[in-house]
Amino acid sequence: PLPPLAEQKVIADKLDSLLAQVETTKARLDRIPDILKRFRQSVLAAAVSGRLTEDWRREYSPEKIDPQVVANEMFGHGLTHGNFGKKLDRAQEITPDELPLVVEHVEKWPLIRIGALCSCVVPNRDKPKKFSGGYHWLLTPNFQEQSIWIDYSSIEKGLSEDEVYEYKAKVIKHGNVIMTCIGRVGLSAVLEEDAVINQQLHAFLVNKFIKPEYLAYCIRANIRFFEDKSTSTTVNYLNKTACNSLPIPLPPLEEQTEIVRRVEQLFTYADKIEQQVTTATERVNTLTQSILAKAFRGELTQDWRAANPELISGDNSAAVLLEKIKAERAAQAPKKRTRKKKS
C-alpha cells in the first residue's frame, strides 16, 4: 500500500517514537535479572549476618549455641564421617585474615568452620561405566543458580544398588547438603532424595546443631570465600580442606528456622517477578512486528486521516502520488533505439 506523502511522514514519526519506546522497555527488562541476582545475594548476606531477623530476636530470646558443646559433641566422642568410618580431623583456628572474606555477622553468634560442625563426604574418583537407574547420579549442571533445591528433571543417569557396591560409590542420604567444588564453586543444594555424587561435588552430613537449608544458604552467601580458596589451572577447584574451611555463624535452631522461612519468602517474591519479566519480555519481542504490521495496514494513522482529510484527498491523494511516480519513471526511462532500414 502507498499512503499519501503527508501520511507517510506521520507513519515514519510514529514508528520512530513507538520503536524507541520498545527498545527502552527491552533495555529496562534486560537489567532486571541482574537486579534480582543482587537482591538475592543481599538477602543471603542479611540472613547469615543476623540483620534479617533483628526484629525476631527482640521478641524472642532463644538460648545461644555454645561452641564448646559443639566441639565436645563432634570431636570428644570420636564422631566419624557418616557411615564411611573416617574420623573427623580437628578444624584449624579461624585466622583474622580470613574474616574479610566471610559475610560479617552482627549478633556475635559463634563462628564455626563447616568441617568442625558437619561430617563430610568426599566422593570416589572412579566414574561408573554403567548406569541402570536407582540412585540419582548428581552433577554440577543439576544445581539451580537461584535455588538450593536440585532440578531432578535434569538428571539423566542413576546407579543401582549393585552398581553402587561395584564402583564403591557413596550414597548421600536425603536431608544432607551438597556443594560444587569444581568449576562453578560454592553452589549448594539440599537433597530431597538419596543420591550419588561425583568428584565435582562435596557433601556435608548435617546434625542436630544445624538445619540443612540454613547451611546451604550460608554456603551460597559466601561464594566469594570459596572462590578465593580455590586453586585454578584451567578451572577452579576446591580440595577437601578448602571445602570444609568456611567459618559460618551458628544461631540458635529456632532462629535458623526463622531465617530459612524469611529467605524463602523473599526468594519466592523474586521468582514471581522473574516470571513476570520473562512473560513481559516475550510480549515485547513480538511488539516490533506487530507495530510494523499496524503501520502497513494504516491502523497507526486512522485517527490522523479522520482529522486531516484535506491532506489525503485531491492533489494530495495516494492515487495522484502514484500517477506522478509513474510519470517520473516514464520520463527517466531510456528511449528505445530504432534501427534504420537498409536501402
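Quick rundown of the values:
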{"read-out": "Selected residue (criterion: nearest to the chain's Cα centre (by Cα)) from residues of segment 233-250 that are among the aliphatic types (A, V, I, L, M) and more than 15 Å from C120 (Cα to Cα)", "value": "V235"}
{"read-out": "Residue tally, condition without any contact (Cβ under 8 Å) to a residue 40 or more places away in the chain and over 15 Å from I114 (Cα atoms), over segment 214-257", "value": "4"}
{"read-out": "Index of the failed condition, L29 passing every other in (1) surrounded by 15 or more Cβ atoms within 10 Å (Cβ to Cβ); (2) of a type outside the set (G, A, S); (3) in the same structural domain as Y214 (by TED's automatic domain parsing)", "value": "(3)"}
{"read-out": "Residue match in segment 131-147 (condition: small (G, A, S), at positive phi and either surrounded by 15 or more Cβ atoms within 10 Å (Cβ to Cβ) or in contact with a Cys (Cβ under 9 Å, 6 or more places away or on another chain) (or both))", "value": "yes"}
{"read-out": "Pair list, Cβ < 6 Å and 6+ apart or interchain, from segment 50-66 residues that are in the same structural domain as E255 (by TED's automatic domain parsing) to residues that are among the small types (G, A, S) and not in a loop (DSSP other than H, G, I, E, B)", "value": "L52/A46"}
{"read-out": "The listed residue being modelled with pLDDT under 85, in contact with a Gly (Cβ under 9 Å, 6 or more places away or on another chain) and not acidic (D, E), out of V106, V69", "value": "V106"}
{"read-out": "Close pairs from segment 274-298: first in the same structural domain as K37 (by TED's automatic domain parsing) and touching a residue at least 24 places away in the same chain (Cβ under 8 Å), partner of a type in the set (A, V, I, L, M) and not in a helix (DSSP H, G or I), Cβ under 9 Å, at least 6 apart", "value": "I291/L300"}
{"read-out": "T140 within 23 Å of S232 (Cβ to Cβ), in contact with a Phe, Trp or Tyr (Cβ under 8 Å, 6 or more places away or on another chain) and of a type in the set (S, T, Y)", "value": "no"}
{"read-out": "Count - residues of segment 265-281 that are touching a helix residue (DSSP H, G or I) at 6+ places or on another chain (Cβ under 8 Å) and of a type in the set (D, E)", "value": "1"}
{"read-out": "Test: I178 is out of contact with any Lys or Arg (no Cβ under 9 Å at 6 or more places or on another chain), assigned to a loop (DSSP other than H, G, I, E, B) and among the aliphatic types (A, V, I, L, M)", "value": "no"}
{"read-out": "Pairs, first more than 17 Å from S147 (Cα to Cα) in segment 163-185, second assigned to a loop (DSSP other than H, G, I, E, B) and acidic (D, E), C-beta under 8 Å, six or more apart", "value": "Y167/D126; K168/D126; V171/D194; I172/D194; K173/D194"}
{"read-out": "Among (1) surrounded by fewer than 17 Cβ atoms within 10 Å (Cβ to Cβ); (2) of a type in the set (G, A, S); (3) at pLDDT 85 or above, the one test that S49 misses", "value": "(1)"}
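The values are calculated or read from the model by the stated rules, or taken from the named source; none is laboratory data. Source: prediction; values computed, not measured. Every residue, glycine among them, receives a Cβ derived from its backbone with ideal geometry; neighbour counts consider all protein chains shown.
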